[in-house]
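J.: Pasting a structure here, questions to come.
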Amino acid sequence: MSGYDKQYYERNKVKILEKQREYNKGRRAQRRAVQQAYRLAVKEQNPEKNAAERERWNAWKRDWYQRNKEKHAAKGRARQLRMYGFTASLFEALLKFQTGACAICRRPFTSVPHADHCHDTKTPRGLLCGPCNTVEGIIRSIGLPPREFATRLSDYLSCPPVRARERLAEFNIRA
C-alpha cells in the first residue's frame, strides 16, 4: 500500500469498513449456501476418507476430554451460572453463607448445588439441593402461591380423602 493509500484509508476508515460490512452482509447467506454445497460434494466424493477423518477428530476430542475433565466441567459450570445471573464469587459467597447446605431443607450438599433463580426477573435466589430444586419447579408450574400449596399439602397429609371418607361412613353419610 502506498503512502497515499494509507492516508486515504485513515481518513475514510469508517466509510470503507461500513461499505465492507454492507457488502459482506448481503453475501453472507450466499457464501453459506456455497460452502454447504461444497462440503456435501466433498463428503459424497470420498465417503471412506470422510469417515476416517471424522473418527480421527472424534478420537482427538475424546482424548482431550479425558485429559481436561476438570477444565471442561468448570467451563460448563461457569457458563451455566452466567446464564442464571450468578458469578463465581456470588456462588462461593452463597455457599459460605448457606454453610454448604440447601437453602430449603438445610441438608449439606452431597453434589454440586443447583443455582436457583427467578425465571421472570432472571435474578439469583440461592443454592438448592436437587430434590428441593425439583419440588420448587413443580410447585411453580402448578401455579399456586407456595404458601397456599404448603397449606393444602398440610391439610391433605393430616386428613387425606380416604380417611375423610371413612369418617363420613362413621356418621352414615354417603360420599
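J.: Contact list please: Cβ distance under 7 Å, first residue in region 86-97 and among the aromatic types (F, W, Y), second residue modelled with pLDDT under 90, pairs at least six apart or on different chains.
T.: Matching pairs, first to second residue: F86/A115; F86/P124; F91/L81; F91/A115.
J.: OK, next. On the given criteria, is T99 of a type in the set (S, T, Y), touching a Gly at 6+ places or on another chain (Cβ under 9 Å) and farther than 16 Å from R77 by Cβ?
T.: So T99 does not fit the description; no.
J.: Taking K61, is it out of contact with any His (no Cβ under 9 Å at 6 or more places or on another chain) and farther than 30 Å from C129 by Cβ?
T.: yes
J.: Restricting to region 123-153, and then to whatever is touching a Phe, Trp or Tyr at 6+ places or on another chain (Cβ under 7 Å) and touching a residue at least 12 places away in the same chain (Cβ under 8 Å), can you tell me which residue is surrounded by the most Cβ atoms within 10 Å (Cβ to Cβ)?
T.: Filtering first and then ranking leaves C129.
J.: Here's a follow-up. Given (1) part of a helix (DSSP H, G or I); (2) charged (D, E, K, R); (3) at pLDDT below 85, identify the lone condition not met by E136.
T.: Exception for E136: condition (3).
J.: Assuming S111 fulfils every condition listed in (1) out of contact with any strand residue (DSSP E or B) (no Cβ under 6 Å at 6 or more places or on another chain); (2) of a type in the set (S, T, Y); (3) modelled with pLDDT under 85 apart from one, which condition is it?
T.: Condition (3) is where S111 drops out.
J.: With at pLDDT below 85 and farther than 26 Å from L153 by Cβ as the only criterion, which of Y84, Y65 stands out?
T.: The unique qualifying residue is Y84.
J.: On the given criteria, is T99 modelled with pLDDT of 90 or more, hydroxyl-bearing (S, T, Y) and at positive phi?
T.: So T99 passes the test.
The values are calculated or read from the model by the stated rules, or taken from the named source; none is laboratory data. It should be emphasised that the depicted structure is a prediction, and the values quoted were computed from it without experimental measurement. Glycine gets a Cβ as well: all are built from the backbone with ideal geometry, and neighbour counts include every protein chain shown.
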